[in-house]
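Working notes, beginning with the structure itself.
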Amino acid sequence: MRIGITCYPTYGGSGIVATELGLELAARGHEVHFICYASPIRLDPESARVHYHEVEVSTYPLFQYPPYSLALASRMAEVAEHHRLDLLHVHYALPHSISALLARQMLEPRRLPFVTTLHGTDITLVGADRSYFRITKFAIEHSDGVTCVSEYLRRRTVEVFGVANPIRVITNFVNCELYQPDPERRARGEWAPRGEKVLMHISNFRPVKRVTDCIRILHAVRRHVAAHLVMVGDGPDYTAAQNLACELALEQHVTFLGKQSRVHRLLPLAHVLLLPSEMESFGLVALEAMACGVPPVATRVGGLPELVTHGVDGFLEPVGDIEAQAARVVELLSDSRLYERVSAAARLTAQGRFCSTLIIPQYEQYYREVCEQGAGCA
Ligand code: GMT
């Protein structure tokens, strides 16, 4: 198939899923066209079947807000026509679905169906905002196909928007070949030369991630176990996290790495992943960690219980309960038999339920179904 993909190309779960989906589809023989305002962060277009089309948004003195959605719609129509795309797949409802809807109309009577994948904050935060509510509902109702990354998000979407069209749950996935445990590199102690255990957090440091909780958890853990925290990513709460590390005299014990694109090289160096989020519709980074045999200590929110089975392949505790989360980290790090059991189970969960080899065919099947509705794809 020839598939157009649009996503937010910056640091964020939806862009990462979209990019890796495109790369996996190309590896399976499809022709993939990314249509975005910048090249997606993890896009490494080694394959001749992966193309990138930039959306240029011109400014004009009259435009206080440059009309990105319109420039995107125009580019989508142009690429679809020129490369004879079979369908568009947009990630994150706004504004991508609305642009796809316009592109579909612009190309009529030629058929260009589009699939919208809902990732989380496009529904839980943005979509529920009064100014975006009606247009998000409209976008969902007028998509040719809608997928959600967890059963939780599917339920929330129906509850919040009262939409009646069917929504397919297709979870996040991980490439289990690329994301692997690496006990030898970890034993070399790159981050912890004095043999400390390594805790890691990876996110876009938005308030929903509660990054300062990671610093507080480290503080509590260090009362019992020598540990070092590696913070990967950047975003609005970066400075707050740095300041708190200073206030708690933890500067020596926290490394801030900033944005990194090759997280499959970093995760295997950790012993535990911290994910103290207020909300996660799925929790992609927890899955990536699990594939590397790194147990997550996370919060019992959103779609995380669909991924992590408490006490089996990771731990889930209430949001904001620093002591409970820290206690789970200490438990894991001070009982090697428990650690080995949970770490092995984490890898097994990733391999057995969420490997890209299992999930990508679900997207392919869904594309075929969407194309077969109506008059078929172009
Ligand atoms: O919050 C983020 O990290 C970004 C956000 C997005 O939409 O870009 O991530 C969401 O999508 C990911 C991929 O499907 C999910 O794994 C994350 O759980 C979800 N984040 C939230 O729900 C807060």
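The values are calculated or read from the model by the stated rules, or taken from the named source; none is laboratory data. Keep in mind that what you see is a predicted model, and the values were worked out from it rather than measured. Note that we place each Cβ from the backbone using ideal geometry, even for glycine, and neighbour counts take in every protein chain shown.
Annotation note: of ARG185, ARG223, the sole residue that is surrounded by fewer than 22 Cβ atoms within 10 Å (Cβ to Cβ) and either closer than 30 Å to LEU23 by Cβ or acidic (Asp, Glu) (or both) is ARG185. Suppose we filter region 1-46 for residues that are more than 14 Å from ASP86 (Cβ to Cβ), among the acidic types (Asp, Glu) and away from the ligand (no atom under 16 Å from the Cβ); how many remain? Here the count works out to 2.
In region 180-190, the count of residues that are at pLDDT below 95, out of contact with any Pro (no Cβ under 9 Å at 6 or more places or on another chain) and acidic (Asp, Glu) is one or more.
Before we move on, is ALA326 at pLDDT 95 or above, in a helix (DSSP H, G or I) and touching a Gly at 6+ places or on another chain (Cβ under 8 Å)? Steps first, please.
Numbers: at pLDDT 95 or above: yes; in a helix (DSSP H, G or I): yes; touching a Gly at 6+ places or on another chain (Cβ under 8 Å): no.
Against the criterion (at pLDDT 95 or above, in a helix (DSSP H, G or I) and touching a Gly at 6+ places or on another chain (Cβ under 8 Å)), ALA326 does not qualify.
Of the residues THR117, THR124, the single one that is at pLDDT 95 or above, closer than 25 Å to ARG206 by Cα, under 21 Å from the mean Cα position of the chain (by Cα) and among the β-branched types (Val, Ile, Thr) is THR117. Residues that are more than 14 Å from the ligand (Cβ to nearest atom) and under 21 Å from ASP237 (Cβ atoms) were ranked within region 268-306; the one that is nearest to the chain's Cα centre (by Cα) is LEU274.
Could you go through region 197-208 and let me know if any residue there is assigned to a loop (DSSP other than H, G, I, E, B), touching a Leu at 6+ places or on another chain (Cβ under 9 Å), in contact (Cβ under 8 Å) with a residue 12 or more places away in the chain and not assigned by TED's automatic domain parsing to the domain that holds ALA27. Spell out the reasoning first.
Kept after step one, since they are assigned to a loop (DSSP other than H, G, I, E, B), are these residues of region 197-208: 203-206.
Adding the requirement that they be touching a Leu at 6+ places or on another chain (Cβ under 9 Å) leaves 203.
Among the residues that remain, those that are also in contact (Cβ under 8 Å) with a residue 12 or more places away in the chain are: 203.
So of that shortlist, the ones also not assigned by TED's automatic domain parsing to the domain that holds ALA27 come out as 203.
Yes, because at least one residue in region 197-208 is assigned to a loop (DSSP other than H, G, I, E, B), touching a Leu at 6+ places or on another chain (Cβ under 9 Å), in contact (Cβ under 8 Å) with a residue 12 or more places away in the chain and not assigned by TED's automatic domain parsing to the domain that holds ALA27.
Filter region 334-350 for residues that are in contact (Cβ under 8 Å) with a residue 12 or more places away in the chain and in contact with a helix residue (DSSP H, G or I) (Cβ under 7 Å, 6 or more places away or on another chain); which is surrounded by the most Cβ atoms within 10 Å (Cβ to Cβ)? By that ranking, first place goes to ALA346. Could you go through region 130-137 and let me know if any residue there is farther than 20 Å from ASN172 by Cα, within 13 Å of the ligand (Cβ to nearest atom), of a type in the set (Val, Ile, Thr) and more than 16 Å from the chain's Cα centre (by Cα). Looking through region 130-137, none of the residues is farther than 20 Å from ASN172 by Cα, within 13 Å of the ligand (Cβ to nearest atom), of a type in the set (Val, Ile, Thr) and more than 16 Å from the chain's Cα centre (by Cα).
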